[in-house]
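Notes follow once the structure below has been shown.
The values are calculated or read from the model by the stated rules, or taken from the named source; none is laboratory data. The model shown is predicted, which means the values in this text are computed figures rather than measured ones. Backbone-built Cβ (ideal geometry, glycine too); neighbour counts: all protein chains shown.
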């Protein structure tokens, strides 16, 4: 099992901002998932992967596919108080779920 965070590659974020946005996605996905699934994922080592999506549209398409497949997902929207001048969607968390399930959605994406 793993949890995948898909980060927009078309916006600039400092390393710190990127880390916090990815962490936010991972935490929210773990909290939104069933207790049993989260415990199973944690027993297996709580694997997390961060990959890149080309732009906002790519994130929306992944979210739509995840929703149709019943995969837990969480879209992170930064409030726009520091690095961005307005609220900005930064990343999409997916899972935790079986590796094969998430690979069907994100297997072709490059690592961050």
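When the stretch 19-43 is filtered for residues that are surrounded by fewer than 18 Cβ atoms within 10 Å (Cβ to Cβ) and either in contact (Cβ under 8 Å) with a residue 60 or more places away in the chain or on the phi > 0 side of the Ramachandran plot (or both), the ones remaining, listed by number, are 28, 37.
Quick grid of which residues meet (1) under 11 Å from residue 4 (Cα atoms); (2) assigned to a loop (DSSP other than H, G, I, E, B); (3) at pLDDT below 95; (4) within 12 Å of the chain's Cα centre (by Cα):
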{"residue": "31", "(1), (2), (3), (4)": "no, no, no, no"}
{"residue": "37", "(1), (2), (3), (4)": "no, no, no, no"}
{"residue": "49", "(1), (2), (3), (4)": "yes, no, no, yes"}
{"residue": "58", "(1), (2), (3), (4)": "no, no, no, no"}
{"residue": "61", "(1), (2), (3), (4)": "no, no, no, no"}
{"residue": "76", "(1), (2), (3), (4)": "no, no, no, yes"}
{"residue": "81", "(1), (2), (3), (4)": "no, yes, yes, no"}
{"residue": "94", "(1), (2), (3), (4)": "yes, no, no, yes"}
{"residue": "100", "(1), (2), (3), (4)": "no, no, no, no"}
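Going by the conditions given, is residue 79 farther than 18 Å from residue 18 by Cα and either free of Cβ contacts under 8 Å to residues at least 40 places away in the same chain or in contact with a helix residue (DSSP H, G or I) (Cβ under 7 Å, 6 or more places away or on another chain) (or both)? The answer is no for residue 79.
The residue that is surrounded by the most Cβ atoms within 10 Å (Cβ to Cβ), among those in the stretch 1-10 that are touching a residue at least 60 places away in the same chain (Cβ under 8 Å) and closer than 13 Å to residue 112 by Cβ, is 4.
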